[in-house]
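Participant: After the structure tokens below, expect a handful of questions from me.
The values are calculated or read from the model by the stated rules, or taken from the named source; none is laboratory data. Model, not experiment: these values are computed from the prediction. Because the Cβ atoms are built from the backbone with ideal geometry, glycine has one as well, and the counts that use them run over all protein chains shown. Surface areas here come from the heavy atoms of the whole protein model, side chains and all, with no ligands, DNA or RNA. Shrake-Rupley method; radii C 1.70, N 1.55, O 1.52, S 1.80 Å.
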Amino acid sequence: MEQETQTPHKRRVRYKGKYPKKFEEKYKELNPEKYKETVAHVISKGNTPAGMHISIMVKEILEFLDIKPGETGFDATLGYGGHTKAMLECLNGKGHLYATDVDPEESAKTRKHLKELGFGEDILTVKLQNFCTIDEIAKEAGGFDFILADLGVSSMQIDNPKRGFSFRADGPLDLRLNQEKGISAAQRLEKIGREELAGMLYENSDEPYCEEIAKAITDEIRKGNKIDTTTRLREIIEKTLDFLPEKEKKDTVRKTCQRVFQALRIDVNREFEVLYEFLEKLPDALKPGGRAAILTFHSGEDKLVKKAFKEGYGDGIYSDYAKDVIRPSAQECAKNGRARSTKMRWVIKTK
């Protein structure tokens, strides 16, 4: 008689201190329903729990959108579903909300979470597609009374090392919002020329050391060395900026890493092209008198939004628009550090 082979019991890694460093060790934060006290403690310290995203400027968004039961809306970036949930609650069971997301992994989790909260397909339609397809969805919905586009990358994506969004943790240099489509940032670096890379770093993130970093990266690739991890890219940036005085080196390296990773993310996900297409289609997607709010997180996005809204107002398409950006309160920034760079602009379609 053959003995059955048993899988040896593997003990879970102990939750290391108040703030474990490794993503995999943060199992309490990754299970907010089970470990509510831990999650609340992390948030109270002004940090974002792993696997969670704290929605920004919810109060300001809801005040502007002024959602009424029975209306039809569009959430361009579903993400963790925080904004979505708040808008659904305003509908009070009447009307419908459409939402899009290109991340199959996170959108599936969010759809399940919202369904468990009572927001099923009768009031919420989630589509796994880019928000620049708003014209197709508006045609299906019959137009929208309100639209929200939060252009930031979700904290769940940033914190997960497998996604490659952060230079703080080692992982594959991917940076795609949908890892099933397109090419990774590592593959992009293998093909790009020095001049094009320098231009990309400058245009996508205003990187002051774009020339030096572009040269260092393309020299490394030309030698036959791969830059396929977040750590490897960070090391090249650190080495390139080694000429800086010690007192300013650490802070400059950190900010440069943020800008380089941002520039690559924008490039591999075609973020500017997608936003430009969305802004072109926005007026036709809104019903007369409809309202739209957009949250941006860097100057390139904000410039595109500001220009589109101003031109639309000048052409009589919009009856009013935000002349100045609206920023999160000091209290919100203290509780959520990732809110600091947020800018909100809004527009109202002519009746």
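Participant: Which residues, taken from segment 252-266, are buried (at least 22 other Cβ atoms within 10 Å of the Cβ) and either outside any helix (DSSP H, G or I) or among the hydrophobic types (A, V, I, L, M, F, W, C) (or both)?
Facilitator: If the condition is that a residue be buried (at least 22 other Cβ atoms within 10 Å of the Cβ) and either outside any helix (DSSP H, G or I) or among the hydrophobic types (A, V, I, L, M, F, W, C) (or both), then Val260, Phe261, Ala263, Leu264, Ile266 are the ones that fit.
Residue by residue, here is whether (1) more than 23 Å from Leu151 (Cβ to Cβ); (2) in a helix (DSSP H, G or I); (3) more than 18 Å from the chain's Cα centre (by Cα) holds:
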| residue | (1), (2), (3) |
| --- | --- |
| Gly70 | yes, no, yes |
| Tyr80 | no, no, no |
| Thr84 | no, yes, no |
| Cys90 | no, yes, yes |
| Lys94 | yes, no, yes |
| Ala99 | no, no, no |
| Glu106 | no, yes, no |
| Lys112 | yes, yes, yes |
| Val126 | no, no, no |
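Participant: When you scan segment 132-142, how many residues do you find that are touching a residue at least 60 places away in the same chain (Cβ under 8 Å), of a type outside the set (Gly, Ala, Ser) and open to solvent by 30 Å² or more (accessible area, probe 1.4 Å)?
Facilitator: So the answer is 1.
Participant: Identify all residues within segment 52-83 that are of a type in the set (Val, Ile, Thr) and more than 25 Å from Glu277 (Cα to Cα); write none if there are none.
Facilitator: Once the filter is applied, which keeps residues that are of a type in the set (Val, Ile, Thr) and more than 25 Å from Glu277 (Cα to Cα), segment 52-83 yields Ile54, Val58, Ile67.
Participant: With Lys239, Lys249, Lys307, Lys281 as the choices, which residue is open to solvent by less than 60 Å² (accessible area, probe 1.4 Å), out of contact with any strand residue (DSSP E or B) (no Cβ under 7 Å at 6 or more places or on another chain), in a helix (DSSP H, G or I) and modelled with pLDDT of 95 or more?
Facilitator: Just a single option satisfies the conditions, and that option is Lys281.
Participant: Could you count how many residues in segment 310-351 are without any contact (Cβ under 8 Å) to a residue 40 or more places away in the chain, in contact with a helix residue (DSSP H, G or I) (Cβ under 9 Å, 6 or more places away or on another chain) and not in a loop (DSSP other than H, G, I, E, B)?
Facilitator: Within segment 310-351, residues that are without any contact (Cβ under 8 Å) to a residue 40 or more places away in the chain, in contact with a helix residue (DSSP H, G or I) (Cβ under 9 Å, 6 or more places away or on another chain) and not in a loop (DSSP other than H, G, I, E, B) number 6.
Participant: For segment 206-235, which residues satisfy the criterion of being open to solvent by less than 10 Å² (accessible area, probe 1.4 Å) and either in a helix (DSSP H, G or I) or in contact with a strand residue (DSSP E or B) (Cβ under 8 Å, 6 or more places away or on another chain) (or both)?
Facilitator: Hits for segment 206-235 are Ile213, Ala214, Ile217, Thr230, Leu233.
Participant: May I ask you to say which residue of Ser329, Ser299, Ser341 is more than 26 Å from Ala285 (Cβ to Cβ) and under 17 Å from the mean Cα position of the chain (by Cα)?
Facilitator: Result of the check over Ser329, Ser299, Ser341: Ser341.
Participant: Of all residues in segment 99-124, which are of a type outside the set (Asp, Glu) and open to solvent by 30 Å² or more (accessible area, probe 1.4 Å)?
Facilitator: Those that are of a type outside the set (Asp, Glu) and open to solvent by 30 Å² or more (accessible area, probe 1.4 Å): Val102, Pro104, Ala108, Lys109, Arg111, Lys112, His113, Lys115, Leu117, Gly118, Phe119.
Participant: So Asp145 passes all but one of these: (1) open to solvent by less than 10 Å² (accessible area, probe 1.4 Å); (2) part of a strand (DSSP E or B); (3) touching a residue at least 60 places away in the same chain (Cβ under 8 Å). Which condition number does it fail?
Facilitator: Going through (1) open to solvent by less than 10 Å² (accessible area, probe 1.4 Å); (2) part of a strand (DSSP E or B); (3) touching a residue at least 60 places away in the same chain (Cβ under 8 Å) one by one, Asp145 breaks only (1).
Participant: Can you name the residue in segment 179-196 that is under 9 Å from Ala214 (Cβ atoms) and in a helix (DSSP H, G or I) and, of all such residues, is most open to solvent (accessible area, probe 1.4 Å)?
Facilitator: Here the answer is Glu195.
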